[in-house]
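The values are calculated or read from the model by the stated rules, or taken from the named source; none is laboratory data. Since the structure is predicted, the reported quantities are computational estimates derived from the model, not experimental observations. Cβ coordinates were reconstructed from backbone atoms using ideal geometry, including for glycine residues, and neighbour counts include every protein chain displayed.
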C-alpha cells in the first residue's frame, strides 16, 4: 500500500523524539504480553499440580483454559487499552470504535480472501516445519499456555466459545484497536504491518505466528478502511470458527477413532455420520481456502492502484522500524520471544 506525502513536514529531530516515545510504549506492551505469558504458564502449572487427578477432566480443563484466556487475551487487552488511551481517564470511548460501517457487508465479504491467505501461509509453514522439525524442537511447553485438548464434548464446546468469542473480541480490541490507533499517526501502512506482525509474534509458536501475522495484516487493512473494529471482530470470529468446528468434530467418537486408528473399520456404524460430516467439512475448507487465496491475489492487485496519504513523512518506514525494534523494552520482548519459541526456559523447567 504505497503512501504519498500530503502532510506538512515537521522538524526531523522533533519527529524522531515523538516517535521514540510511542515506540517505547509499544515495546513495553509487547514485553508485558510475554511477562503475562510466563506468569500464566507458572500459575497454570501450579493450579494443575494442586488439582491433580482429584477433579474430573472437563471442569479441570475449563479451569485451565480460563486461566490461559485470562493471561493471553483478557489481561493484555485491558492493559493495552489503558496504555494507549482507550480506557481510563480521557479514554476515547468504545462506542465509536465498534460502529457498524456502511461498508460492513462488503468488509465481511473479504472472509474467503482473509482465510485463504492465512491458510496458504499456514501450509507453507507446515511444509517448512516438516523439513526442519527433526533437528529443532519447536513444541516446548512455553510455545503455548493453553492446555492440550483431549477430546470431551463439554470441554470442546467451552474451547469453541473461547476460540470463536473470547479470543477475537479481546485480540481485535487491542491489536486492531488500541495498538493500531496509537501507531496510525505515523503512517497507515506502518501501523497495519506493525500490529499484524506483533499479533503473530504474540502467538509465540512457529505453527501459528506466520499465518496469524498475515491474517492480522489483512484485518488491519480492513479496520483502517472501514474505520471500525466491528467487521474485523466478526471476521476474526469467522476465521476462528473453522478451527472451532474442527475441535467439535474431533470430540466425536467416530472422528476420534478414524484419526487414531487410521481406518473406518474402527468406527462404529452409529458414528459414521460424524465421520461423513468431518470429511465434507474438510473438503469444504480446502475449497474455501483455494478460492479465498485466488480472491486475495486479485484484491492485492487492486490495492496497488490506490495511494493513501502519508501523515508522518519525516521518518521513513525503515527508520521507524529500526527505532521500534531497538527500544529497550522491544529488545527485552524479542529475547522473550526467542526464549518462548525455542523453549529455553521450558527446557529448564522440564529438567
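Within the option set 215, 273, being closer than 20 Å to residue 175 by Cα, in a helix (DSSP H, G or I) and either more than 27 Å from the chain's Cα centre (by Cα) or modelled with pLDDT of 95 or more (or both) holds for one residue only, 215.
Residue 255 falls short on exactly one of the conditions (1) surrounded by fewer than 16 Cβ atoms within 10 Å (Cβ to Cβ); (2) at pLDDT below 80; (3) in a helix (DSSP H, G or I), and that condition is (1).
Residues that are modelled with pLDDT under 90 and touching a helix residue (DSSP H, G or I) at 6+ places or on another chain (Cβ under 7 Å): does segment 159-175 have at least one? Taking every residue of segment 159-175 in turn, none turns out to be modelled with pLDDT under 90 and touching a helix residue (DSSP H, G or I) at 6+ places or on another chain (Cβ under 7 Å). Which members of segment 54-85 meet the condition of being buried (at least 20 other Cβ atoms within 10 Å of the Cβ) and not in a helix (DSSP H, G or I)? Matches in segment 54-85: 84 only.
Quick grid of which residues meet (1) buried (at least 22 other Cβ atoms within 10 Å of the Cβ); (2) farther than 21 Å from residue 330 by Cα; (3) modelled with pLDDT of 95 or more:
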| site | (1), (2), (3) |
| --- | --- |
| 145 | yes, yes, no |
| 153 | no, yes, no |
| 185 | no, no, no |
| 189 | no, no, no |
| 198 | yes, no, yes |
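For segment 300-323, enumerate the residues that are at pLDDT 75 or above and either part of a helix (DSSP H, G or I) or closer than 24 Å to residue 214 by Cβ (or both). So that I can check it myself, show each step before the final result.
Taking segment 300-323 first, the residues at pLDDT 75 or above are 300, 315-323.
Those that are at pLDDT 75 or above and either part of a helix (DSSP H, G or I) or closer than 24 Å to residue 214 by Cβ (or both): 300, 316, 317, 318, 319, 320, 321, 322, 323.
Applying the criterion of being part of a helix (DSSP H, G or I) and either modelled with pLDDT of 95 or more or surrounded by fewer than 19 Cβ atoms within 10 Å (Cβ to Cβ) (or both) to the residues of segment 258-270, the residue that is nearest to the chain's Cα centre (by Cα) is 259. Among the residues here, residue 51 does not qualify as surrounded by 15 or more Cβ atoms within 10 Å (Cβ to Cβ), free of Cβ contacts under 8 Å to residues at least 40 places away in the same chain and farther than 15 Å from residue 177 by Cβ. Scanning segment 109-143 for residues that are crowded, with 19+ Cβ neighbours inside 10 Å and modelled with pLDDT under 75 yields 140, 142, 143. How do the pairs read when you match residues in segment 21-34 that are at positive phi and surrounded by fewer than 23 Cβ atoms within 10 Å (Cβ to Cβ) with residues anywhere that are at pLDDT below 95 and assigned to a helix (DSSP H, G or I), using Cβ under 6 Å and keeping only pairs 6 or more apart or on different chains? Correct list of pairs: empty, since none qualify.
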